[in-house]
Amino acid sequence: MNTTLLRKLERNFEGYIGTIMLFAYTLLIGYTIFQRETFGDPPAYTLSVTLYLFTWMTWLAAGWAIRHDSHFRFTLLRERLSNRVNYALRYLDIVSWVFFAGIITVYLLETLQLRLESGRQILGTPIPLWTAYLAVAVGMALIALRSVQKAVLIRRQYKNGEDITPTSKVDI
Amino acid sequence: MILAALSTGELLLFATVLCVILFAIGIPIYLVFGFWGLVYHATSASFPISNMATEHYDVLQTFPFTAIPLFILVGDLIYESGIAEDVVEFTRETIGWWPGSTGNTAIGTASIFSAITGSNAATTASVGNALYPQMEDEGYKDTYAAGTIAAGGVLGAIIPPSILLIIYGVAFGVSIVELFKAGIAPGIGMLIVLIGINTYYSKRNSYGSQTSLGIDPLRTIKTAWKAKIGIGTIVILLGGIFVGIFTPTESAAVAVIYILALSVGTGRITSLEQVMRASFSSLLLLGVIIPMVVTSVLIQQSMSNLGLQTLIANAVIGLQHPYLILFAILAIIWIAGTVMDATPNLLLTAPMLAPAAADIGWGPIVWGMIFMMGDSVGFITPPYGLNLYIISGIAEIDYIRVARAVVPYLLGLVGVWIGYAVIHLYI
């Protein structure tokens, strides 16, 4: 694989998977409307599969948003602080993310175990229910991973004298 | 050691102060709320910490929420495909010939974008990118131009389909379609006031005076035809919902398919990269909004369990006179909106004040609109004002300077808001 492709994957891996899910559920909803309006018989699994994809998309995107500095925050004070203080606060951000994601993951494992043992499935599909809960755990793992990666990137930017003030921008 | 000696109440007070500090120093809102929720769950007998973990899944299991990324995607596709430019042209031909041409075009375009994207942030960003440079070229003062666009973006929360109204509908168990219908009148009221204010200031300062006055019907029809995909999107979104053919999620999905098919078919979208960019923006916003909803719900549950909501509601009801209650409600909404993002504010403050609102005769739909109008005013009120952040980033102007320039619009919108609330004391 060439470096450009790897760089794209590093920046937007969750975005590519999320995009597939987003268009899959758009088409699924479109298909359901077609079935309902044409045959009066919409598939029963639409609702549950849409929610399943939505859950995965959300938690994949939550971690990805850390990579792109998109999470909403109050930046008025940060913009007025020196790069040095911002550097320290950036580490506080990162420690906070990892700590919180860790707590949620630890306490989710019990529920995940219960769902695994129950053998239940997503309504109208053979998909095991525990894989829906897994979305949160994977999301939290990605939050921790992207935070650690962000720490490395910020350190590099700081050493190069670049501005590291957070932005809360949602464009790429 | 010191923490162990504190009572639960003292510990929560300490956590509140700590979270305010974390918020002020710019820790993401999701985490600030999450930490407060964590302290509460750690000290509560009725809510174990595992509840926090499962709520990260359970809160998302609400079908109307699935409309959110689709509405945002519709807006991003409109922008990527260049349809936004056609909409701007159409608005310019329709209302751009008044004094303050481009300013009114920006406000008018914001209202159309609001009816497409359902998001104030997306509306402000799109209109800002499309029209701010032009307003500057036409001699508008930089801060005034930025303030006008930020104020126009407020409409995104009120004019249907609004993402915030979807979240309100889910939280309060109210029909989202009825909320959308209720948003039309105040949305138009706010639009008229914004245009009036811009027209007055533009005339006074000779902004956009180079525009020739008068409407050209032929050109208006031509630009309307050119903007047909954008206009068609509004027909699908709102028509489908109001006529009852589609749910909000379905209408958004159909609109995505419609825009994609026509944009690819007419050569407006020629590369996969354009679609990816639109999708990425939508997903990022999703990954930011929904986690905030989750921790806001957790705090709301905690406050409810502590009896804080009842306490505050009773304090407001204790004012007894309807007008005193009304102004206390509006003041709390506004103050909360200035320091909190709209979504957490909606989930925390609206349930807290709902009993007081019911006490003066506001039903859940009217209450939703009154709350949302106040919440949206927070978009242009410092220190949090999200629209001010967005436009100051686009225009590269200091946030505080834009905040000062937006004051006339802010007062106008507050006037509409108070008027709407007072009228509904009698209806």
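Where a number appears in this text, it was derived from the coordinates with a stated rule and is not lab data. Computed from a prediction, not measured in an experiment: that's the story for all the values here. Cβ placement follows ideal geometry from the backbone for every residue including glycine, while neighbour counts extend to all protein chains displayed.
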Could you give the size of the charge dipole of the protein assembly as shown about its Cα centre, using +1 on the Cβ of each K and R and -1 on the Cβ of each D and E, expressed in debye and rounded to the nearest 20? 760
Quick one: Debye curve from the alpha-carbon atoms of segment B:1-45 only, equal weights, vacuum; give me log10 I(q)/I(0) at q = 0.14, 0.18, 0.27, 0.29 Å⁻¹ to two decimals. -0.32, -0.51, -0.95, -1.02
Given the C-alpha centroids of segment B:23-39 and segment B:124-140, what is the distance between them in whole angstrom? 35
In terms of modelled amide H atoms, which long-range or inter-chain residues lie less than 5 Å from the amide H of A:GLN121? A:LEU129
Among B:SER304, B:LEU388, A:LEU53, the residue whose Cα sits farthest towards the positive end of the charge dipole of the protein assembly as shown, when +1 is placed on the Cβ of each Lys and Arg and -1 on the Cβ of each Asp and Glu, is B:LEU388
On average, how many beta carbons from a partner chain sit within 10 Å of the beta carbon of a residue in B:19-29? 6
When the Cα centres of segment B:6-21 and segment A:136-164 are compared, how far apart do they sit, in Å? 29
Treating cross-link reach as a plain straight distance, find the lysines whose alpha-carbon is under 27 Å from the alpha-carbon of A:LYS8, omitting any fewer than eight places away in the same chain. A:LYS150, A:LYS159, A:LYS169
Let me know the charge dipole size of chain A about its Cα centre in debye, to the nearest 20, where only the beta-carbon of Lys, Arg (+1) and Asp, Glu (-1) is charged. 740
Quick one: Debye curve from the alpha-carbon atoms of segment B:86-165 only, equal weights, vacuum; give me log10 I(q)/I(0) at q = 0.19 Å⁻¹ to two decimals. -0.69
In whole Hz and in residue order, list the ³J(HN,Hα) couplings for segment A:118-133 that follow from phi through the Karplus curve 6.51 cos²θ - 1.76 cosθ + 1.60, θ = phi - 60°; x for Gly and Pro. 5, x, 5, 10, 5, 3, x, 9, x, 6, x, 5, 4, 5, 6, 5
Report, in debye and to the nearest 20, how large the dipole of chain B comes out about its Cα centre when Lys and Arg carry +1 and Asp and Glu carry -1 on their Cβ. 600
Output the relative contact order of chain A, whole-number percent, from Cα pairs under 8 angstrom with separation of 6+ residues. 31
Kindly rank B:39-49, B:197-207 from highest to lowest mean number of other beta carbons found within 10 Å of each residue. B:197-207, B:39-49
Averaged over all viewing directions, the convex hull of the alpha carbons in chain B casts a projected area in nm² of 21.9
If we sort B:83-92, B:330-339 on the protection proxy, mean other Cβ atoms within 10 Å, highest first, what's the order? B:83-92, B:330-339
